[in-house]
Amino acid sequence: MKLSIIIPVYNEKNTLEKILERVEKVQVDGIKEKEVVLVDDFSTDGTRDILRNFSVPHYKIVFHERNQGKGAAVKTGFGRATGDIVLIQDADLEYNPQDYPFLLKPILKGQAEVVYGSRFLKPGQNKVVYRHGYVFSQILNRLSNLLSGTALTDMYTCYKVFSRKSAEKIHPHLRSKRFGIDPELTALTAKHGFKIQEVPISYQGRTYAEGKKINWKDGLAAIWHIIHYNLFTRE
């Protein structure tokens with residue numbers, strides 16, 4: 001089995017090499033081959049220079065010629081991924097690749113076609129930096145569940161994992177450019193009837209000073225995204 005790891009990258013010069021070290025260290029039973037698809041969304045902090053210096057055979061590096069947003073980077077990554085399983089990994093250090101075995105297990109065992117890693121299935125153990133952000137994300141999560149028919153605790157998690165079949169079905173329909181990618185992926189998973197499962201993951205949230213990018217405008221836009229992708233788009 002081959003695992004494709006999609007990493008959208010935007011201004012992550014301080015964390016990129018560290019996260020890649022962590023990704024490389026992970027071993028998962030049943031996975032014989034890995035490829036890392038790095039999609040730089042027109043970074044301006046020197047990240048692109050770091051990427052240009054990589055010469056790792058199993059790295060696929062794609063450079064956007066203008067900043068388009070995380071959603072666009074994820075879609076580009078889906079188009080380049082060739083693995084039997086496709087996993088989305090952020091380039092910061094909020095999420096721990098040591099959770100890969102738990103994330104991949106339901107797909108490897110044929111129990112699910114899509115897996116979400118939930119930050120909220122380990123109460124009291126994960127670092128949530130902004131309480132107001134947590135509360136608002138839970139409101140959005142409930143709205144998404146209501147409209148999509150899912151029962152997720154963490155729709156906005158970075159860790160989303162797809163079987164080859166589900167990735168190929170979902171990829172052509174992706175339209176979101178920015179952070180609407182999360183409700184869009186969730187809506188498409190539900191509309192295609194893919195079996196989805198959540199597993200608990202570890203999480204260490206970062207502050208805006210440390211590079212967190214989502215803001216209140218993205219939060220307000222999320223309401224429109226959830227309604228739009230669930231009610232006004234087809235499979």
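Details
- Cβ pairs under 9 Å, 6+ apart, first in segment 174-194 and at pLDDT below 95 and crowded, with 18+ Cβ neighbours inside 10 Å, second in a loop (DSSP other than H, G, I, E, B) and hydroxyl-bearing (Ser, Thr, Tyr): 179/156
- Looking only at residues of segment 57-113 that are under 23 Å from residue 200 (Cβ atoms) and of a type in the set (D, E, K, R), we find that the one that is surrounded by the fewest Cβ atoms within 10 Å (Cβ to Cβ) is 109.
- Scanning segment 42-100 for residues that are among the small types (Gly, Ala, Ser) and either assigned to a loop (DSSP other than H, G, I, E, B) or more than 14 Å from residue 6 (Cα to Cα) (or both) gives 43, 46, 55, 69, 81, 83, 91.
- Close pairs (6 angstrom Cβ cut-off, 6 or more residues apart or separate chains): under 17 Å from residue 73 (Cα atoms) and touching a residue at least 24 places away in the same chain (Cβ under 8 Å) in segment 34-55, part of a helix (DSSP H, G or I) and basic (Lys, Arg) anywhere: 37/80; 40/48
- Residue within segment 114-125 that is closer than 26 Å to residue 224 by Cα, touching a residue at least 60 places away in the same chain (Cβ under 8 Å) and in a helix (DSSP H, G or I) present: no
- Matching residues, segment 12-49, being of a type in the set (A, V, I, L, M, F, W, C) and on the phi < 0 side of the Ramachandran plot: 16, 19, 20, 23, 26, 28, 31, 36, 37, 38, 39
- Qualifying positions in segment 132-146 - at pLDDT below 85, closer than 24 Å to residue 99 by Cα and not hydroxyl-bearing (Ser, Thr, Tyr): 133
- Pair list, Cβ < 6 Å and 6+ apart or interchain, from segment 8-23 residues that are free of Cβ contacts under 8 Å to residues at least 60 places away in the same chain to residues that are surrounded by 15 or more Cβ atoms within 10 Å (Cβ to Cβ) and not aliphatic (A, V, I, L, M): 13/47
The values are calculated or read from the model by the stated rules, or taken from the named source; none is laboratory data. Please read all numbers here as calculations on a predicted model, not as lab measurements. Methodologically, a virtual Cβ is constructed for each residue, glycine included, from the backbone with ideal geometry; neighbour enumeration extends over all protein chains shown.
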